[in-house]
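Quick notes on the structure that follows.
The values are calculated or read from the model by the stated rules, or taken from the named source; none is laboratory data. What you are looking at is a predicted structure, and each value in this text was computed from that prediction instead of being measured. When we count neighbours, we look across all protein chains shown, and the Cβ atoms used for this are built from the backbone with ideal geometry, even at glycine.
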Amino acid sequence: MVAFSVHFTLRQPTWKSALGYAPMGALAAYVTYIFSRGLLTQTRNYAFTPHELVVINYLPYRVERFGRAEITGFSRSYIRLRIGTFDQLTLHVSPQRRFTLPQFSYWNFKSLELALAEHHFPDITPTQA
């Protein structure tokens, strides 16, 4: 009968392995920061009906309703980021209130403009001559 014996020895971490851990830790911290910031800042939901606009803010759980008379309209614009140019819709509720809907925050962004037009919200995008 032959007996096998295997011994594992753990090596002490060296400065070379620490150089490998530092970028991975920094990357994990950055990704956590990006997801946390997005979760805390993009917490609104919008519902369009023929008679009103309902804005639900999930963080403080506040529901705001804006009637048809309060809504000025919506406009299209573009936002430039380092990774590209994205569409953006701005809902004009009153001279003091605007809600910005960037394309990268919504899966169904193309249907937002169609839903606004379907419910007869005016498009007040300035036309270029």
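Scanning segment 74-113 for residues that are touching a residue at least 40 places away in the same chain (Cβ under 8 Å), part of a strand (DSSP E or B) and within 19 Å of Gln42 (Cβ to Cβ) turns up Phe74, Ser77, Leu91, Phe99, Leu101. Here Arg65 qualifies as in a strand (DSSP E or B) and among the basic types (Lys, Arg). In segment 79-113, the residue that is surrounded by the fewest Cβ atoms within 10 Å (Cβ to Cβ) out of those that are touching a helix residue (DSSP H, G or I) at 6+ places or on another chain (Cβ under 9 Å) and among the hydroxyl-bearing types (Ser, Thr, Tyr) is Ser94.
Could you tell me whether any residue of segment 28-41 is in a strand (DSSP E or B) and closer than 19 Å to Thr100 by Cβ? There is no residue in segment 28-41 that is in a strand (DSSP E or B) and closer than 19 Å to Thr100 by Cβ.
Applying the set (1) under 15 Å from the mean Cα position of the chain (by Cα); (2) closer than 18 Å to Asn57 by Cα to Arg97 leaves exactly one unmet item: (1). Scanning segment 114-121 turns up no residue that is farther than 17 Å from Ala47 by Cβ, at pLDDT below 85 and either polar (S, T, N, Q) or not in a helix (DSSP H, G or I) (or both). For segment 55-73, a residue qualifies if it is in contact (Cβ under 8 Å) with a residue 12 or more places away in the chain and over 19 Å from the mean Cα position of the chain (by Cα), and the qualifying residues are Arg65, Phe66, Gly67, Arg68, Glu70, Ile71, Thr72, Gly73.
Among the residues of segment 60-78, just one is surrounded by 14 or more Cβ atoms within 10 Å (Cβ to Cβ) and at positive phi, namely Gly73.
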